[in-house]
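The structure under discussion appears below in the form of structure tokens.
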Amino acid sequence: MRTVITGGAGFVGSHMCDYLLEKGHEIVCIDNLLTGNAENVVHLLGNKRFSFVNYNVSSYIYVSGNVDNVLHFASPASPSDYLEYPIETLKVGSLGTLHSLGLAKAKKATFLLASTSEVYGDPQIHPQSEDYWGNVNPIGPRGVYDEAKRFAEAITMAYHRSHQVNTKIVRVFNTYGPRMRIKDGRALPNFMCQAIRGEDLTIYGDGLQTRSFCYVSDLVEGVYRLLISDEHEPVNIGNPEEITVLQLAKEILALTGSKSKIGYCPLPVDDPKVRQPDITKAKKILGWEPKVSRKDGLMNTIRYFNKILQKNDA
Ligand code: UDP
């Protein structure tokens, strides 16, 4: 199996590279390192089945030789990133998806789109199942990511229906684990870095908004099962254990033993009030459900941030 992974040096993409190399795949990792990090794949550079190409997939993609799978993971994915790079986010979700689909079509490869729970926007149905069409503000600051991913889903289904490309769509819910960046900007890495450094934890709004956090190894297993399945319509992959942001902050304080305090900041525009995946479909058709408890996942991630902050702050 020869697999192209766009965004392969990102947080989730690099874990996908590791997982598929373990399964015996040859990996072509393409990343322009806008929000990805070469450090995430540096341990793979000596592997003969791994190659890295520094390239922006929003431009035409050329890959020589046969390709069996194209996994499109490239995109800024943290709200602070897509606010900083709105045009790049729109381009990689639209043009990047078009080019990745074009590559899959030319190579007769299976295509997998990393979509997102953000297609549901600020949801009015709870928990979110795949048949919910969502509640997205197209012109709000988050719209650049949400609408790009909604377009990406639409063009993926069009390539499936019109060009018979074997396509898959995974809707990824909040995922965490080692290789998130110190400056990622999302709640979980922010809270961990703040707790370890003894800084105030920055809760946006009253902290009563909810999210459901999935450990990265569970996500990657779910994505793989979808890749080898016969399903063409979107599948939610996430951990349905829902908590408030305030509860997450308190758990991180307890697990790090930090003396940091909790501070409150303004809530960003269009911030979803609730989010929880309905994973009935993934359970039924993929036989998948998350296995890693939040405590274990958080501890692994805290150990990771302890290590990189020691290096970074030295
Ligand atoms: N959030 C927070 N403090 C932070 C970063 C985020 O309270 O330092 C909140 C954010 O407003 C949202 C939730 O935590 O309600 C999850 O945000 P995140 O950026 O992790 O991802 P999202 O799920 O919104 O894409």
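The values are calculated or read from the model by the stated rules, or taken from the named source; none is laboratory data. Not measured: the values here are computed from a predicted model. Neighbour counts are summed over all protein chains in view; Cβ atoms, including those assigned to glycine, are modelled from backbone coordinates with ideal geometry. The area values use the complete protein model at the heavy-atom level, side chains included, leaving out ligands, DNA and RNA. Shrake-Rupley method; radii C 1.70, N 1.55, O 1.52, S 1.80 Å.
Mind counting the residues in the range 139-166 that are outside any helix (DSSP H, G or I) and crowded, with 18+ Cβ neighbours inside 10 Å?
Total satisfying the criteria: 2.
If you scan the range 270-282, which residues turn out to be more than 10 Å from the ligand (Cβ to nearest atom) and either modelled with pLDDT under 95 or of a type in the set (Asp, Glu) (or both)?
Selection gives Asp278 alone.
Looking at Glu251, Glu242, can you tell me which residue is open to solvent by 30 Å² or more (accessible area, probe 1.4 Å), in contact with a strand residue (DSSP E or B) (Cβ under 8 Å, 6 or more places away or on another chain), touching a residue at least 60 places away in the same chain (Cβ under 8 Å) and charged (D, E, K, R)?
Glu242
Here is a check on your reading of the model: is Lys261 surrounded by fewer than 16 Cβ atoms within 10 Å (Cβ to Cβ), of a type in the set (Lys, Arg) and farther than 19 Å from Ala187 by Cβ?
No, not satisfied.
For the range 279-291, check the following and say yes or no: at least one residue is surrounded by 15 or more Cβ atoms within 10 Å (Cβ to Cβ), among the charged types (D, E, K, R), in contact (Cβ under 8 Å) with a residue 40 or more places away in the chain and within 29 Å of Gln164 (Cβ to Cβ).
Yes, because at least one residue in the range 279-291 is surrounded by 15 or more Cβ atoms within 10 Å (Cβ to Cβ), among the charged types (D, E, K, R), in contact (Cβ under 8 Å) with a residue 40 or more places away in the chain and within 29 Å of Gln164 (Cβ to Cβ).
Can you run down the residue pairs with Cβ atoms below 6 Å, 6 or more apart or on separate chains, where the first is in the range 60-86 and closer than 19 Å to Gly143 by Cβ and open to solvent by less than 50 Å² (accessible area, probe 1.4 Å) and the partner is basic (Lys, Arg) and within 16 Å of the ligand (Cβ to nearest atom)?
Close Cβ pairs satisfying both conditions: Ser78/Arg186.
Suppose we filter Ile308, Ile302, Ile285, Ile252 for residues that are over 24 Å from Asp18 (Cα atoms), away from the ligand (no atom under 14 Å from the Cβ) and outside any loop (DSSP other than H, G, I, E, B); which single one remains?
Just one listed residue meets the conditions, Ile285.
For the range 163-181, state whether one or more residues are in contact (Cβ under 8 Å) with a residue 24 or more places away in the chain, over 30 Å from Gly287 (Cβ atoms) and either acidic (Asp, Glu) or more than 9 Å from the ligand (Cβ to nearest atom) (or both).
yes
Please go through the range 1-34 and give me each residue that is out of contact with any Lys or Arg (no Cβ under 7 Å at 6 or more places or on another chain), open to solvent by 30 Å² or more (accessible area, probe 1.4 Å) and outside any helix (DSSP H, G or I), ordered by number.
Of everything in the range 1-34, those that are out of contact with any Lys or Arg (no Cβ under 7 Å at 6 or more places or on another chain), open to solvent by 30 Å² or more (accessible area, probe 1.4 Å) and outside any helix (DSSP H, G or I) turn out to be Met1, Arg2, Lys23, Gly24, Asn32, Leu33, Leu34.
I need the full set of residues from the range 194-222 which are assigned to a helix (DSSP H, G or I), surrounded by 23 or more Cβ atoms within 10 Å (Cβ to Cβ) and within 13 Å of the ligand (Cβ to nearest atom), in order please.
Listed by number, the list holds a single entry, Ala195.
From the list Gly140, Gly121, Gly134, exactly one residue is at positive phi, within 15 Å of the ligand (Cβ to nearest atom) and touching a residue at least 60 places away in the same chain (Cβ under 8 Å). Which is it?
Sole residue among the options that is at positive phi, within 15 Å of the ligand (Cβ to nearest atom) and touching a residue at least 60 places away in the same chain (Cβ under 8 Å): Gly121.
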